[in-house]
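Engineer: Take this structure, written in structure tokens, and hold onto it; I'll ask about it next.
The values are calculated or read from the model by the stated rules, or taken from the named source; none is laboratory data. On a predicted model such as this, the values are computed, not experimentally measured, just so you know. So basically every Cβ, Gly included, is an ideal-geometry build from the backbone, and we count neighbours across all protein chains shown.
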Amino acid sequence: MIFSLHLFSIYLVLVLTSMPLDDFMRSTGKIWVVVISLVIIFIGIVFFLYKLENRISKIEKEIKDE
Amino acid sequence: MQIGVFKTVVSHEFTLEFRHRFAFAAQILYVAAVTFIFYLSFSEPEPLVWNSLFWMVMLFSGLQSGTFAFSREFGRSHLFYFQLIDPLVLFFAKIISVWTRLLLLGFTAWFLITVILGDPVVDKPLFALTIILGSLGLATLFSFLSAISMNTSNNGLLLAVLSFPVLLPVLLSVIRLSFISMSDIPVAYSDSITVLLAVIMLLIGLGIFLFPTLWKN
Amino acid sequence: MNGFKKNWYKYLAVVLLLYAIVFGMLVPLRPGIMKVDTFRAELGQDLTLGIDFYNTRLTETTDQRVWLRIDNQHTLLAENTEVVHDRKLIAGFSIPETTPFSKKTLSVSVIVDSKMEGSMVLPDAMVIVVGEGAEINDSQWTQSPIEQLSMRWRYAFPWRNILEETIRNTYFHVPMWFGMMILFLLSSVNGIRLVRSDRSVFESRVFSLNLVGTLFGILGILTGAVWAKYTWGTFWSGDIKQDMSAVTLLIFLAYFLLRSSMTPGKKRNRVTAVYTIFAFLASIPLLYIIPRMEPSLHPGSGGNPGFGGEDLDNTMRMVFYPAVLGWTLMGYWISNLVFRTLEVHKLIEDKNYD
């Protein structure tokens with residue numbers, strides 16, 4: 001809840017001030033660079049796990065087809 | 001006894017090499033053609049261009065020689081070899097034959113490029129040393145990698161893909177060394193030689209350890 | 001209990017990563033000077049210098065002292081200071097008519113000291129232009145030496161000027177590379193075991209570890225590119241270490257190409273294992289030897305000491321090492337999932353052939 005409010009406030013700040021993305025990334029001591037890094041790692045690992053799950057589903061299907 | 005076998009294998013390699021001398025002549029022709037094209041487009045190249053031309057030629061010749069050294073007797077004589085000789089002996093014989101070939105080619109190319117484009121090299125002994133070490137590095141690398149890619153169906157393409165990333169440490173230090181040999185100001189180069197030697201030792205060590213496994217196939 | 005014995009490293013990974021993320025994100029930065037509003041002054045000028053700070057609470061005390069510093073012997077104390085708000089200060093200097101050196105410009109650092117926040121430095125903050133025929137006399141520059149700096153330890157990460165908060169990326173970007181190398185090391189060890197024993201279990205191990213190692217490498221490149229954009233200016237600045245890590249990734253991508261170009265079997269197992277060992281050993285000079293010889297933006301290059309020392313203080317170490325271990329264990333966990341999937345697949349295929 002608090003987190004989504006926070007996201008909303010970021011959105012508001014960006015829209016109201018029509019701040020360019022670059023300046024936004026540099027604001028608050030460039031903390032957003034770290035946040036983006038964490039998001040990249042998270043998405044990367046989730047994507048990997050998604051692919052792995054697909055592979056496992058295929059194997060399951062092979063077992064059922066027998 | 002091993003040394004006797006080694007000598008026999010090496011001399012056999014050289015005989016084969018001599019029998020296929022048209023291939024060597026073709027490579028020399030290739031060097032001359034590339035150099036002439038460079039002459040037409042640059043006429044008086046800077047050391048930077050000269051350097052990249054020289055090592056480009058060496059790289060592609062090394063690639064060709066490496067593939068050639070193994071594909072030449074793939075087939076019946078390959079089995080014959082497997083039964084008779086210790087794979088390590090064969091590995092070193094291959095390295096030596098490819099190395100000799102690259103050395104010959106390197107110095108010929110130096111001479112040819114000098115005649116056509118001029119010679120920016122200031123420190124000639126250092127450049128000669130660079131050619132010697134660099135061709136040893138290339139020979140080891142390509143012998144080893146063509147042994148790997150020989151096991152696959154489309155080995156020419158795969159050899160190129162596998163070798164280019166690994167070539168970088170060798171090529172970087174070689175290019176650095178030859179740059180130093182072309183500059184008027186003396187620069188310390190012992191670092192680069194150490195790196196080059198270390199990479200070569202690493203490759204040879206790997207070869208000793210892994211080549212017998214590859215050969216078993 | 002049995003489950004715990006088998007799964008302890010997964011719990012450890014979760015705890016360490018939670019610790020690394022929470023502490024890595026929440027521990028504050030030490031106060032520091034962000035920028036000054038004047039970059040150029042002249043001899044004999046009355047200079048009012050506005051200084052912007054980060055993470056300071058200047059209004060709580062008024063004992064700030066501000067110096068301009070040329071070197072250890074030659075400094076100039078501000079005559080008056082005025083706090084504008086918590087993160088801004090205006091300092092007034094009267095720069096002497098004389099110059100201590102016969103140079104055209106003097107490069108000056110700004111040093112601020114306060115009991116509350118400790119001492120802060122902005123290196124090479126501005127230049128003082130020395131006019132023609134200025135008298136060389138350093139007596140006015142040596143009257144106010146920097147002394148009695150307040151040292152204050154606090155649980156905080158160091159302030160670095162261009163890095164700012166991105167210093168926290170040390171716990172997320174750097175462990176990707178450490179984790180990658182450890183996973184590749186493990187896969188080479190399994191490669192050696194495969195070559196020795198010829199059992200195809202090890203082939204699955206090698207493949208899964210290489211896969212996750214490559215994933216970590218790709219994530220390392222991506223996070224590194226974003227970090228580089230906002231500190232060095234561009235996503236890819238041709239830095240030697242960036243280039244070499246891309247080459248390392250190419251070497252390992254070639255492994256997957258090699259593996260897919262051969263038919264499964266003992267021959268493929270052996271060849272790919274040999275290539276893995278080869279690739280791992282080839283990546284060591286690429287990542288750890290060559291970048292040290294060339295000039296680079298990364299720490300530990302151009303003959304500098306390696307990672308550590310200035311770039312990693314004790315507060316950061318307390319988060320950094322657990323983060324490396326946590327990400328590595330996480331990678332091992334994921335690779336274990338891949339490994340088990342491969343093994344199950346093999347079991348089914350064997351059954352089908354029977």
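Engineer: Go through region C:228-241 and count every residue that is in contact (Cβ under 8 Å) with a residue 40 or more places away in the chain and among the polar types (S, T, N, Q).
Structural biologist: 2
Engineer: I need the full set of residues from region C:195-231 which are hydroxyl-bearing (Ser, Thr, Tyr), within 12 Å of chain A (Cβ to nearest Cβ) and out of contact with any Ser or Thr (no Cβ under 9 Å at 6 or more places or on another chain), in order please. Explain how you work it out, then say what you get.
Structural biologist: So the first thing to find is which residues in region C:195-231 are hydroxyl-bearing (Ser, Thr, Tyr), and the list is C:197, C:200, C:204, C:208, C:214, C:223, C:230-231.
After this cut, where a residue has to be within 12 Å of chain A (Cβ to nearest Cβ) as well, the list is C:208, C:214, C:223, C:230-231.
If the condition is that a residue be hydroxyl-bearing (Ser, Thr, Tyr), within 12 Å of chain A (Cβ to nearest Cβ) and out of contact with any Ser or Thr (no Cβ under 9 Å at 6 or more places or on another chain), then C:214 is the only one that fits.
Engineer: Let me ask something else about it. Return the residues of region C:256-267 that are within 9 Å of another protein chain (Cβ to nearest Cβ) and in contact (Cβ under 8 Å) with a residue 12 or more places away in the chain; say none if nothing qualifies.
Structural biologist: Of everything in region C:256-267, those that are within 9 Å of another protein chain (Cβ to nearest Cβ) and in contact (Cβ under 8 Å) with a residue 12 or more places away in the chain turn out to be C:258, C:266.
Engineer: Would you pick out the residues in region C:13-54 that are over 22 Å from residue C:173 (Cβ atoms) and under 27 Å from the mean Cα position of the chain (by Cα)?
Structural biologist: From region C:13-54, those over 22 Å from residue C:173 (Cβ atoms) are C:31, C:33-53; that's our starting set.
Matches in region C:13-54: C:31, C:33, C:34, C:35, C:36, C:51, C:52, C:53.
Engineer: How about region C:127-169: which of its residues are in contact (Cβ under 8 Å) with a residue 60 or more places away in the chain, of a type in the set (Phe, Trp, Tyr) and part of a loop (DSSP other than H, G, I, E, B)?
Structural biologist: The answer is C:155, C:159.
Engineer: Pick from region C:269-287 the residues that are farther than 18 Å from residue C:215 by Cα and touching a residue at least 40 places away in the same chain (Cβ under 8 Å): which of them is surrounded by the fewest Cβ atoms within 10 Å (Cβ to Cβ)?
Structural biologist: Residue satisfying both the conditions and the ranking: C:281.
Engineer: Looking only at residues that are among the β-branched types (Val, Ile, Thr) and farther than 21 Å from residue C:288 by Cβ in region C:149-189, which one is modelled with the lowest pLDDT? Don't jump to the end; show me each part of the working.
Structural biologist: First, the residues of region C:149-189 that are among the β-branched types (Val, Ile, Thr): C:162, C:166-167, C:170, C:174, C:182, C:189.
The next check asks that each one be farther than 21 Å from residue C:288 by Cβ; those that pass are C:162, C:166-167.
Numbers: C:162: 82, C:166: 90, C:167: 90.
By that ranking, first place goes to C:162.
Engineer: Here is a further query. Collect the residues in region C:181-203 that are more than 29 Å from the chain's Cα centre (by Cα), part of a helix (DSSP H, G or I) and more than 14 Å from residue C:332 (Cβ to Cβ), keeping them in residue-number order.
Structural biologist: Residues satisfying the conditions are C:191, C:192, C:193, C:194, C:195, C:196, C:197, C:201, C:202, C:203.
Engineer: Within region B:133-145, is there a residue that is in contact with a Lys or Arg (Cβ under 6 Å, 6 or more places away or on another chain) and not basic (Lys, Arg)?
Structural biologist: To start, the set of residues in region B:133-145 that are in contact with a Lys or Arg (Cβ under 6 Å, 6 or more places away or on another chain) comprises B:143.
Now restrict to residues that are not basic (Lys, Arg): B:143.
Yes, region B:133-145 contains a residue that is in contact with a Lys or Arg (Cβ under 6 Å, 6 or more places away or on another chain) and not basic (Lys, Arg).
Engineer: To continue, here is another question. Can you name the condition, by its number, that residue C:192 falls short on among (1) more than 10 Å from chain A (Cβ to nearest Cβ); (2) exposed (fewer than 15 other Cβ atoms within 10 Å of the Cβ); (3) not basic (Lys, Arg)?
Structural biologist: (2)
Engineer: Among the residues of region C:322-354, which ones are over 17 Å from residue A:49 (Cβ atoms) and surrounded by fewer than 16 Cβ atoms within 10 Å (Cβ to Cβ)?
Structural biologist: C:343, C:346, C:347, C:348, C:349, C:350, C:351, C:352, C:353, C:354, listed by residue number.
Engineer: Give me the pairs, please: first residue somewhere in region A:30-42 and closer than 11 Å to residue C:169 by Cβ, second residue anywhere and outside any helix (DSSP H, G or I), beta-carbon distance under 8 Å, and either six or more positions apart or on two chains.
Structural biologist: Short answer, once both residue conditions are applied: A:30/C:163; A:34/C:172; A:37/C:172; A:37/C:173; A:38/C:172; A:41/C:172.
Engineer: Would you pick out the residues in region C:1-33 that are assigned to a strand (DSSP E or B) and touching a helix residue (DSSP H, G or I) at 6+ places or on another chain (Cβ under 8 Å)?
Structural biologist: Looking only at region C:1-33, we keep the residues that are assigned to a strand (DSSP E or B), and these are C:29, C:32-33.
Matches in region C:1-33: C:29 only.
Engineer: Being of a type in the set (Val, Ile, Thr) and surrounded by 19 or more Cβ atoms within 10 Å (Cβ to Cβ) is the filter here; which residues of region C:91-134 pass it? It would help to see each step written out before you state the result.
Structural biologist: Initial filter on region C:91-134 (of a type in the set (Val, Ile, Thr)): C:95, C:98-99, C:105, C:108, C:110-112, C:121, C:127-130.
Once the filter is applied, which keeps residues that are of a type in the set (Val, Ile, Thr) and surrounded by 19 or more Cβ atoms within 10 Å (Cβ to Cβ), region C:91-134 yields C:95, C:99, C:108, C:110, C:111, C:112, C:128, C:130.
Engineer: Give me the residue from region C:246-292 that is hydroxyl-bearing (Ser, Thr, Tyr) and under 20 Å from the mean Cα position of the chain (by Cα) and, out of that set, nearest to residue C:342 (Cα to Cα).
Structural biologist: Filtering region C:246-292 down to residues hydroxyl-bearing (Ser, Thr, Tyr) leaves C:248, C:255, C:260-261, C:263, C:272, C:275-276, C:283, C:288.
Adding the requirement that they be under 20 Å from the mean Cα position of the chain (by Cα) leaves C:248, C:288.
Working: C:248: 25, C:288: 33 Å.
My answer is C:248.
Engineer: Quick one: which of B:76, B:72 is modelled with pLDDT under 80 and surrounded by fewer than 14 Cβ atoms within 10 Å (Cβ to Cβ)?
Structural biologist: On the way: B:72 fails: surrounded by fewer than 14 Cβ atoms within 10 Å (Cβ to Cβ).
Step by step, each of B:76, B:72 is checked, and only B:76 is modelled with pLDDT under 80 and surrounded by fewer than 14 Cβ atoms within 10 Å (Cβ to Cβ).
Engineer: Can you confirm whether residue C:76 is modelled with pLDDT of 90 or more, of a type in the set (A, V, I, L, M, F, W, C) and in the same structural domain as residue C:123 (by TED's automatic domain parsing)? Show your work before the answer.
Structural biologist: On the way: modelled with pLDDT of 90 or more: no; of a type in the set (A, V, I, L, M, F, W, C): yes; in the same structural domain as residue C:123 (by TED's automatic domain parsing): yes.
No.
Engineer: In addition: Output the residues belonging to region C:310-345 that are more than 19 Å from residue C:175 (Cβ to Cβ) and either of a type in the set (Gly, Ala, Ser) or within 14 Å of chain A (Cβ to nearest Cβ) (or both). Show your work before the answer.
Structural biologist: First, pick out the residues of region C:310-345 that are more than 19 Å from residue C:175 (Cβ to Cβ): C:310, C:337-345.
Residues satisfying the conditions are C:337, C:338, C:339, C:340, C:341, C:342, C:343, C:344, C:345.
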